[in-house]
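Chemist: First the structure, which I've put down as structure tokens, then a few questions once you've had a look.
Values quoted throughout were computed directly from the atomic coordinates according to the rules given, and no laboratory measurement underlies them. All of these numbers come straight from a predicted model, not from anything done at the bench. Positions of Cβ are backbone-derived with ideal geometry, glycine not excepted, and every protein chain shown enters the neighbour counts.
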Amino acid sequence: MKEEVKVLLVDDEKLVLRSVEKSLVRAGFDVEAVGDVTTALALFKETMASDTPFDIAVLDLNMPNFEGEVDPTAGLQLLSKLLEAQPGFPVIVLTAFDEVERAKDAVRRGARAYFVKGREADLIALIERIIQD
Amino acid sequence: METPTLAERRAALLHAGALVSRSITSILDPDVLLHRTVDIICTAFGFYYAGVFLLDETGEWAVLRAGRGEAGAAMVAEGHKLQVGGHSMVGAATARNKAVIALDVGDEPTHFKNQYLPLTRSEMALPLSIGDKVIGALTVQSVEEAAFTEDDITALQGMADQLAVAIQNARLYSENARLLAQATRRARLLMAAADVGKGVTSILDLDELLHKMVDIICDAYGFYYAGVFLLDETGEWAVLRAGRGEAGAAMVAEGHKLQVGGQSMIGAAIAQRHARIALDVGAEAVFFKNPHLPMTRSEMALPLVVGDEVIGAVTVQSEQEAAFTDEDISSLQAMADQLAVALHNAHLLRALEMAHAELVRTKTFEAVATATTEAIHWIGNKALPISVSVQRLREDVARLSGVDPEIVESMQEDLTLIEASARLIMQVKEHLIGPAREYIPAPVMTEDVVKDTVRVMGIAPEVIHFTVTPDLPLAVADPTQLSRAFRYVLQNALEATEDCAAPCIDVEIDLVEEKGVRYVVTRIGDNGPGVDEANLDKIWVSFYTTRGARHAGLGLPACLQILKQIDGKAQAYRRPQGGMVFELYVPVHTGSAPQDPANLPAGKRYLLVDDDDVWSRFVEQALRAAQNTVTRVADAGTVEDFTIFDVIVVDDVLAATDSLAALQRIARAGATARTLVVASSVRVERMMDLLRFGVRDVLPKPYTPVGLAKLTL
């Protein structure tokens, strides 16, 4: 494992974004926090060829999509584009909705895990486990 | 006195004749005419007495209608009458249509001794006739013997003939007046009926319509009082809704009501569905003495009927006895029928308005609920970082050095307060949004869902007791949402009994039928202090709680919302022995549930890791019926080789162990890829924990053979 895991964190909710970012930084991760899917995809592609590509992404589900409209599947759309760019890239879907079918849908689309917001301590453990795997 | 000369006598007769002629042409009232006639005859001729008899309806009796002086008045009052063809002179004159004269009455065999006229010495009875038709007789009596001359007889017979014509005219006039009055009354009743018709189609306000109705009845018919009663919701009482005048207003204000089938005429008319009429109320057994209407002598009660339904009655009362004619009764009943239809329409309109208002309320509630849900969701999202921030701050505070310990303690306390508030906000969010989450109704075993919920909540077996009716049908609900509803009520019971020395929760699952709909009802009773009777309705209202500020008061409203979503219901009542009972009604599954085992996989070896319960017995039976082999174990630790099974099914909720422990063993054996985890209620975080072992899938528990067919790889 690299010394510092690089995490792409995407959420349009600024307070949540900052809070999760702080928790992850405090846990020793290198975090790029982004507030929209378009910027996130661009940043992901930009760093893919660099020396410091992302190791994992944590995405919110319900946020504006690539057309700028609020869309509960915006995170899933970004998930698909990330996996299209880098198949097998580990992604955790982060959302406030603890709906089983939505979680299964995310996993079916290639997410490694689905995580309910507000449990950052568990999220850190989950990221570490996925990176180790 | 000097005897008048013949010329003077004839002049007097002419004068009397002229007076009588003038009278009969100017007087139209028969009684006045007859009394004036006898007075003129006695005055003009100087006779002791004169009287007029008219034949009665049978033509057999001549009845005295007017008589001179006190004697005449007394006889009229007595109803003095003489038989036509009898022994009296009047009887003879009316029978023969010919004058009868007795100049010395003592010698006349037909004279009838009359105690009121003892001085009579001469009498003349002249028939009153028109053509051949005798209508009565005129009697003239004198105290003198042989008092009548031929001139007198001629003059009096002429007067009698004129009088007969005048009587006939007066009678015709009276009859015409009566017919005219009747026609006028009919016109008035028709107008009243038209007014009622107009009123019932144009007046939409029920009270206004009823008051208009009673006014029309009293004004048009001239009755003393009218009132309208309508049945109350129980159908047992007729309540006065409108009454004429001050009496009516006072009775309406008093809430005057009469029992259906009771002793009142209104009560009888409604019970028997036909009009009750008392022409002399004193003699009517069902008349109800009313202090507000002391003058009533006749009363009519007309039921208000629409189709087979009686909705009330109209009362009409008069100060006169026998006040109602057949015409009154039929026209008033027609009006009552019209009113009944109008009232029925008004009820329908009101029901329509109420339904519309309910719809508006529902839509408003939905809009408010949507806005509230979005607002709560927004607030919840904003509050999400609070607990995490608090955790970081706690870590930071713990690392502080050189700070006054009291300040550190105060900071820790503040963090605790902030954390508690954030937790409450998240709890509110969960309660409000939870029931609106995924909703996939399916056939469910209520017993299995309840028992799994109890185990997940960790309720000690010694606290909770189950009574389950055997062979219960499947209910229909989203099992996750139903489990959430049970959890709210069970949590409520746990908190209610937390101060009890021996807490006890009784769960009874039964089948009931209400209004043709079958429900699986789950009764959850506790031996806590219970809720006051006055507050029972409030417990279903959001944010109402009897348990202090740490409770949001949203669990039971959320439970109710979940049940309403599946056309079920919830209710609560106090137990007689103390504590509360909550009843959760879930509709029975009425859709088809094919039992064909051919849908199931066959020839497979199944390992079922589950307790011996209602669901595992169903699974074992169904899979074996489809020619599969099934091994059931409650503890996966007893299985030596997991790889010999084609399919491993693990119930997420086990009595003796955590299913994660079972999955660890299965994972160690390398058999997770052939493992399916089932749960009556699945939560995302739990699902992620389960999936972490690499199990094939996490599925909602199937409760039908068709659902069971999906438990394959």
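Chemist: Between region B:578-657 and region B:310-342, how many Å separate their Cα centres?
Modeler: Computed from Cα coordinates, the inter-centre distance equals 73 Å.
Chemist: Return the whole-Å distance between the Cα centroid of region B:27-101 and the Cα centroid of region B:123-141.
Modeler: Between the Cα centre of region B:27-101 and that of region B:123-141, the gap is 8 Å.
Chemist: Quick check on packing: order A:25-36, B:329-340, A:40-51 by the mean number of other C-beta atoms within 10 Å, highest mean leading.
Modeler: Highest to lowest by the protection proxy: B:329-340, A:25-36, A:40-51.
Chemist: Can you give the angle from 0 to 90° between the axis of helix B:479-496 and the longest principal axis of chain B, with both taken from C-alpha atoms, to the nearest 10?
Modeler: Around 90 degrees separate the two axes.
Chemist: Would you mind calculating the relative contact order of region A:44-132 from Cα pairs under 8 angstrom and at least 6 residues apart, reporting the percent as a whole number?
Modeler: It rounds to 25 percent for region A:44-132.
Chemist: Can you give me the angle between helix B:446-457 and the longest principal axis of chain B, using Cα atoms only, in degrees from 0 to 90, rounded to the nearest 10?
Modeler: It works out to around 50 degrees.
Chemist: Which of B:K451/B:K569; B:K429/B:K564; A:K6/A:K104; B:K257/B:K515; A:K22/B:K429 have a Cα-Cα distance over 22 Å?
Modeler: Among B:K451/B:K569; B:K429/B:K564; A:K6/A:K104; B:K257/B:K515; A:K22/B:K429, the Cα-Cα distance tops 22 Å for A:K6/A:K104; B:K257/B:K515; A:K22/B:K429.
Chemist: Additional query: To one decimal place, what Kirkwood hydrodynamic radius in Å is obtained for chain B from all pairs of distinct Cα atoms?
Modeler: Value: 36.1 Å, from the Cα pair sum.
Chemist: Counting other C-beta atoms within 10 Å, which of B:E685, A:E84 has the fewest, and how do the rest follow?
Modeler: The order, fewest Cβ neighbours first, is A:E84, B:E685.
Chemist: Let me ask you something else. Once the other residues with Cβ under 13 Å from the Cβ of B:S659 are scored (Lys, Arg +1; Asp, Glu -1), what is the net sum?
Modeler: -3
Chemist: Scan around A:V58 for amide H atoms under 5 Å from its own, H built in the peptide plane at 1.01 Å from N, and keep only partners 5 or more places away or cross-chain.
Modeler: Sorted by chain and number, the residues that satisfy this are A:L8, A:L9, A:V10, A:I92.
Chemist: So, one more: Taking only DSSP H segments of four or more residues, each worth -39500 (n - 2.57), what value at 222 nm results for chain A once the sum is divided by all its residues, to the nearest 500 deg cm²/dmol?
Modeler: Working: 5 runs with 59 residues, N = 133.
Rounded to the nearest 500, it is -13500 deg cm²/dmol.
Chemist: Sticking with this structure for a sec: Would you mind listing how long region B:8-76 runs along its three principal axes, going by Cα atoms, in whole Å with the largest first?
Modeler: Projected onto its principal axes, the Cα set of region B:8-76 covers 42, 25, 19 Å.
Chemist: Here's another thing I want to ask about it. Just need the Rg to Rh number for the protein assembly as shown, please, alpha carbons only, Kirkwood Rh.
Modeler: Radius of gyration relative to Kirkwood radius: 1.39.
Chemist: Which number comes out as Rg/Rh for region B:40-110 once both Rg and the Kirkwood Rh are worked out on C-alpha atoms?
Modeler: Rg/Rh: 0.97.
Chemist: Counting each DSSP H run of 4 or more residues in chain B as -39500 (n - 2.57), what helix-only mean residue ellipticity at 222 nm follows after dividing by all residues, to the nearest 500 deg cm²/dmol? Mind showing how you got there, number by number?
Modeler: Working: 17 runs with 320 residues, N = 713.
Calculated at 222 nm, the ellipticity per residue is -15500 deg cm²/dmol.
Chemist: Can you compute log10 of I(q)/I(0) for region B:597-708 with the Debye formula, treating each Cα as one identical point scatterer, at q = 0.14, 0.15, 0.16 Å⁻¹?
Modeler: Relative scattering, expressed as log10 I(q)/I(0), comes to -0.50, -0.58, -0.66.
Chemist: Additional query: How long are the semi-axes of the ellipsoid equivalent to region B:365-498, from square roots of 5 times the Cα gyration tensor eigenvalues, in whole Å, largest first?
Modeler: On the way: eigenvalues 311, 98, 25 Å².
Ellipsoid semi-axes (Å, largest first): 39, 22, 11.
Chemist: Using packing as a proxy for protection, rank B:502-514, B:459-471 so that the peptide with the highest average count of other Cβ atoms within 10 Å comes first. Don't jump to the answer; show the numbers that get you there.
Modeler: Values: B:502-514: 15.8, B:459-471: 12.2.
Highest mean packing first, the order is B:502-514, B:459-471.
Chemist: Let me have the relative contact order for region B:203-324, percent, based on Cα pairs under 8 Å that are six or more residues apart.
Modeler: It rounds to 24 percent for region B:203-324.
Chemist: Shielding by partners for B:675-687, please: the mean number of other protein chain Cβ atoms within 10 Å of each residue's Cβ. Write out the running numbers ahead of the final one.
Modeler: Working: counts 0, 0, 0, 0, 1, 0, 1, 4, 5, 12, 7, 2, 6.
Mean partner shielding for this stretch: 3.
Chemist: Kindly write out, for region B:114-128 in residue order, the coupling ³J(HN,Hα) from the Karplus curve 6.51 cos²θ - 1.76 cosθ + 1.60 (θ = phi - 60°), rounded to whole Hz, with x marking Gly and Pro.
Modeler: For region B:114-128, the Karplus-derived couplings read 10, 5, 7, 10, x, 8, 4, 10, 10, 9, 10, 10, 10, x, 9 Hz, x marking Gly and Pro.
Chemist: OK, next. I need the Kirkwood Rh of region A:6-132: take the reciprocal of the average 1/r across all distinct C-alpha pairs and report it in angstrom.
Modeler: 14.2 Å
Chemist: Evaluate peptide B:330-336: per residue, the Cβ atoms of other protein chains within 10 Å of its Cβ; return the mean as an integer.
Modeler: That average works out to 0.
Chemist: Enumerate the lysines that B:K212 could reach by cross-link, defined here as Cα to Cα under 18 Å, with residues fewer than 8 away along the same chain left out.
Modeler: Answer for B:K212, where 18 Å is the Cα cut-off: B:K198, listed by chain and number.
Chemist: Averaged across the residues of B:382-391, what count of C-beta atoms belonging to other chains lies within 10 Å of each residue's C-beta?
Modeler: 6
Chemist: What number comes out for the charge environment of B:S616, summing +1 per Lys or Arg and -1 per Asp or Glu over other residues with Cβ under 11 Å away? Don't skip to the end; give the middle numbers.
Modeler: On the way: positive: B:R617, B:R632, B:K701; negative: B:D448, B:D610, B:D611, B:D612, B:D613, B:E620, B:D651.
Here the count lands on -4.
Chemist: Can you work out the Karplus-derived ³J(HN,Hα) for every residue in region B:690-706? Use 6.51 cos²θ - 1.76 cosθ + 1.60 with θ = phi - 60°, whole Hz, and x for glycine or proline.
Modeler: 5, 5, 4, 7, x, 5, 4, 6, 10, 10, x, 4, x, 10, 10, x, 5
Chemist: In whole Hz, what ³J(HN,Hα) sequence does region B:515-526 give by Karplus (6.51, -1.76, 1.60; θ = phi - 60°), x for Gly and Pro?
Modeler: Running phi through 6.51 cos²θ - 1.76 cosθ + 1.60 with θ = phi - 60° gives 6, x, 10, 8, 10, 8, 9, 10, 9, 10, x, 9 Hz.
Chemist: In addition: How much of the calculated P(r) for region B:341-431 lies past 16 Å, in percent of all Cα pairs?
Modeler: 70 percent
Chemist: Can you list residues whose amide H is under 5 Å from A:A113's amide H, if they're 5+ apart or on another chain and H is modeled 1.01 Å from N?
Modeler: Excluding prolines and chain starts, which carry no amide H, the hits are A:V91, A:V93.
Chemist: Any idea what the relative contact order of chain B is, in percent, if you count C-alpha pairs under 8 Å spaced at least 6 apart? Before the final figure, lay out each step's value.
Modeler: Values: 1200 pairs, mean separation 41.8, N = 713.
Over chain B, the number comes to 6 percent.
Chemist: If you don't mind, another one. What do the square roots of 5 times the Cα gyration tensor eigenvalues come to for region B:6-175, in whole Å, largest first, as semi-axes of the equivalent ellipsoid?
Modeler: Equivalent-ellipsoid dimensions as semi-axes: 21, 20, 15 Å.
Chemist: Going by average Cβ neighbours within 10 Å, how do the peptides B:51-64, B:479-492, B:370-383 rank, with the highest at the top?
Modeler: Details: B:51-64: 19.2, B:479-492: 24.1, B:370-383: 14.7.
Ranked by mean Cβ neighbours within 10 Å, highest first: B:479-492, B:51-64, B:370-383.
Chemist: Let me ask something additional. Around B:V695, what is the net charge, scoring Lys/Arg as +1 and Asp/Glu as -1 over all other residues with Cβ under 14 Å from its Cβ? Write down the numbers at each step before the final one.
Modeler: On the way: positive: A:K104, B:R665, B:R668, B:R674, B:R686, B:R692, B:R696; negative: B:D651, B:D652, B:D689, B:D697.
Counting the neighbours of B:V695, the net charge comes to +3.
Chemist: Could I ask something else about it? Helix B:206-221 versus the longest principal axis of chain B: what is the Cα-based angle in degrees, 0 to 90, to the nearest 10?
Modeler: Helix B:206-221 sits at roughly 10 degrees to that axis.
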